[in-house]
1. List the trypsin sites (Lys or Arg not before Pro) within region A:192-253 that DSSP assigns to loop and that have no more than 13 neighbouring Cβ atoms inside 10 Å.
2. What does DSSP give for chain A in terms of the percent of beta bridges that are antiparallel, rounded to the nearest 5?
3. Any number yet on Rg/Rh for region B:1-159, C-alpha, Kirkwood?
4. Please enumerate, by chain and number, the lysines with C-alpha under 25 Å from the C-alpha of A:Lys183, excluding those fewer than 8 residues away in the same chain.
5. Within region A:84-182, list the trypsin sites (Lys or Arg not before Pro) lying in a DSSP loop whose Cβ has at most 16 other Cβ atoms in a 10 Å radius.
6. Quick check on region B:10-132: of the DSSP beta bridges with both residues there, what percent are antiparallel, nearest 5%?
7. Relative contact order, percent, of region A:73-169 when contacts are C-alpha pairs under 8 Å separated by at least 6 residues?
8. Note the per residue figure in Å³ for the convex hull of the C-alpha positions in region A:1-123.
Amino acid sequence: MTRVVEVPAHFDDRSFDQFADGVAAGGSERLLFDAHATQWASPYGLVGLLAAGQAQIERQRERPLLTLPADRDVAHYWARAGFFGHAAEYFELHGKVPRVAASSASDVLLEVTPVRGADDVHGVVDRIQERAAAILSRELGLEAQATMGFAMALSEACQNIVEHAGTLGWVAVQTYHWRRTLKRRVVVIAVADAGIGFRRSLEASQAKRYGERWSDGTALEAALVQGVSRFRDPGRGQGLAGIRRYLGRWSGKFAVRSGTARFTLVPPWDDDVPLAQGLAEFPGSQILMIIPAQDGGAGHAAH
Amino acid sequence: MLRIDLKDILQRTVSDEYGDLVTRRTGQAVRQAIERDLARDGDGRAAAIDFGTVRCLDLSCADEIVGRLLREQGAVRSFVLLNVTAAHREALQFVLERHRLAVVVQDTGGALDLVGALPEAARRVFGALAQAGTAAPEDVARRLDLSPDVARAALEDLLERGLVVAHAGSYSPPAPYRVGPGPAV
């Protein structure tokens, strides 16, 4: 039996739970990810889709199928974002893959990039600084110091994979105009893996402390609010707290989904909840960072 | 004073392609190389670590290099961080606050300051000392309109943390240093 998992028409962090519902309902059946009607996917959607495929392969299930977006422009964007270069490893692709090289077009600040180890993190930080500094300051009105903080946040999010996932993960960065809510330009960082997730990573050191309350939600709270790490070194556990502080300063959104829970640093412009629990199980962890254009940036609505 | 160039350390230990201090693994390698240099130099001499060629400093590296060095060697040796940018400061401040530690930094223009967790009085006193160069507690007290006892207590607090040096009843920051490339003064 093959079970169809519909890829949402507008595939981003908001519709990800709907996607996760479909993946969880698939159980051990072969999955067909149907993206033919997908009209748009954020970096979060693209790396999340790869993590879903990766999870199927790593659990030694039958290679899932993926129906490509029927819309030519959408498929071209996925190609430019570097998605198909990695998707072929995890999916049996159905549809014509556009012959478009992953590009350094200005909206794709970092194409979908695998992260396995420290060298990959160095590569990601190196590339983002080369490509993003001018855009972050011109389009988003971030000062030079903030663009360095942006590289720091990206580095720490990627290291979460290296240190805790137990498998490889994915990162992508894009800037686009967010017409729906903010009506200004944003830069979006998405990092996803299909690894062990926060609850299992922290279980040995924290589960006893929480007793029956131990869950994906409390694991996220421990990591993100209390700065707890599975390592005993008192210097550990600062990375995600540092990201929170950085994004808080720039009215950014920071959300981490792991297992059945999602913790969110909710900015004034967003109506998400700080902690969502009881979500559909999805493997590993998925990190979202959104930084909006600041007053004075070219991407601010007033300009 | 022993001068340690992070560019040189990074090239020796990790890769000559990297200009960023990111990832805990890189931080560990760099710190271990610094520790070897310090061990060769012997105990006690102050060390200046030059950040001049470092673009991005993430929290993991800031913790591994500066946080751990101060935790493990801060009691026996003073450290000064040279050519520290505003972005470096941000990462260092975050890490050192967590460890309740502080360090002397010199920016690219040569100005001295403290980064980390410190009482406000100690921070003000250090600022006055950085301007004066060398001063007795009474001089600092006059400059800041403090009682001599308060100024003296703040200076002793700074001395205990290895953030100033004392000589013949006067105190001064562990400086000056020449800005830019070249050996430390």
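The values are calculated or read from the model by the stated rules, or taken from the named source; none is laboratory data. Predicted model, so just to flag it, every value in this text is computed and none were measured. Heads up, the Cβs are rebuilt from the backbone with ideal geometry, glycines too, and the neighbour counts pull from every protein chain shown. Each accessible area value is taken on the protein alone, full model and side chains, heavy atoms only, with ligands, DNA and RNA left out. Shrake-Rupley method; radii C 1.70, N 1.55, O 1.52, S 1.80 Å.
1. Those satisfying the criteria are A:Arg232.
2. So the antiparallel bridges in chain A amount to around 75 percent.
3. In region B:1-159, Rg relative to Rh is 1.00.
4. A:Lys183 reaches A:Lys253.
5. Taking region A:84-182 and a limit of 16 other Cβ atoms within 10 Å, the loop trypsin sites (Lys or Arg not before Pro) found are A:Lys96, A:Arg99, A:Arg116, A:Arg179, A:Arg180.
6. 40 percent
7. Relative contact order of region A:73-169: 25 percent.
8. 108 Å³
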